[in-house]
1. Could you pull the Rg and Dmax for the protein assembly as shown, using just the Cα atoms, both in Å?
2. What FRET efficiency comes out for residue B:60 versus residue A:9 if R0 is 25 angstrom and r is the Cβ-Cβ distance? Round to the nearest 0.05.
3. Exposure proxy check: B:65, B:3, B:190 ranked by fewest other beta carbons within 10 Å?
4. Extent of chain A along each principal axis, from alpha carbon coordinates, in Å, largest to smallest?
5. Pop the C-beta distance of residue B:81 and residue A:60 into the FRET formula with R0 = 51 Å and round what comes out to the nearest 0.05.
6. Neighbouring Cβ atoms within 10 Å as the yardstick, rank B:147, B:86, B:76 fewest first.
7. Per residue and in Å³, how big is the convex hull formed by the alpha-carbon atoms of chain B?
8. For helix B:98-113, report the angle its Cα long axis makes with the longest principal axis of the Cα atoms of chain B; keep it between 0 and 90° and round to the nearest 10°.
């Protein structure tokens, strides 16, 4: 998906959900409140890294840099990996910078 | 391409020269890139932002990384009780944190390719528990522990991680160390002789080579322990 402009949160959610769904081979319906880290997560750490790499590629296509190694990404309390919605929110935010 | 940190001096320089001679494209990372006659990026490995900036530049090159060689390091030969706080911090920050920063920030490029090799540098002082090198050895023991675990994390992506642990090799790090002191150390190795930079370069070549595809999470002690 190529937007060529700053994306809004709904577009970011669509991208993130589609990316995760593809990596889970459509076996699971990905919801906004799905956890990405912790015991409830359906993604193992390897899959989570793959999600990040795929989002990095999407960011490249849309002319911005997606930094998933930042403090925001890693912080436990504010981590963008809390949920799908949190990741989409951070993805949209980084598209603005 | 192959990236070498600490490329401007000592072992890093020797490795860079060896690989370049072999026809490899080498990018040198160093705090001061003056006099480096290869493509280079100024980078202080002990500074997270500096490493991140270097990784960003390398990523933009869109050239596969065959190997990342973490040579940059600093040494201090002192008893723990005579090592001041700033030296402790410098050793940990450069040797341990620097290696971790480089691995974690360049790993995303490597795992995307699904191949490649990290080579980190430890010291034989870890295995031999050399008296007078406690803080230095501690920083390098951290590198070994990190490398073994990091190797497991990277294995799913077909990226290998290994350590080379040289004994006393004549570089700037050993200035002030006498031949007698060196002999005292080398006598504790299985092969009790002083090895050279070229021996370490041979091991680097081995670890980069596909023939070493079964090796990951290992520490190669030069001279044996």
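Read the figures in this text as sums done on the coordinates, not as results from a lab. Since the model is a prediction, treat every value here as computed from it, not as a measurement. Heads up, the Cβs are rebuilt from the backbone with ideal geometry, glycines too, and the neighbour counts pull from every protein chain shown.
1. Just the Cα atoms of the protein assembly as shown yield Rg and Dmax of 21.7, 70 Å.
2. Efficiency, from the Cβ-Cβ distance: 0.35.
3. Values: B:65 23, B:3 27, B:190 8.
With the sparsest Cβ surroundings first, the list reads B:190, B:65, B:3.
4. 35, 29, 21
5. Values: r = 52 Å, r/R0 = 1.03.
Approximately 0.45, to the nearest 0.05.
6. B:86, B:76, B:147
7. So the per-residue Cα hull volume is 115 Å³.
8. Long axis of B:98-113 versus the principal axis of chain B: about 30 degrees.
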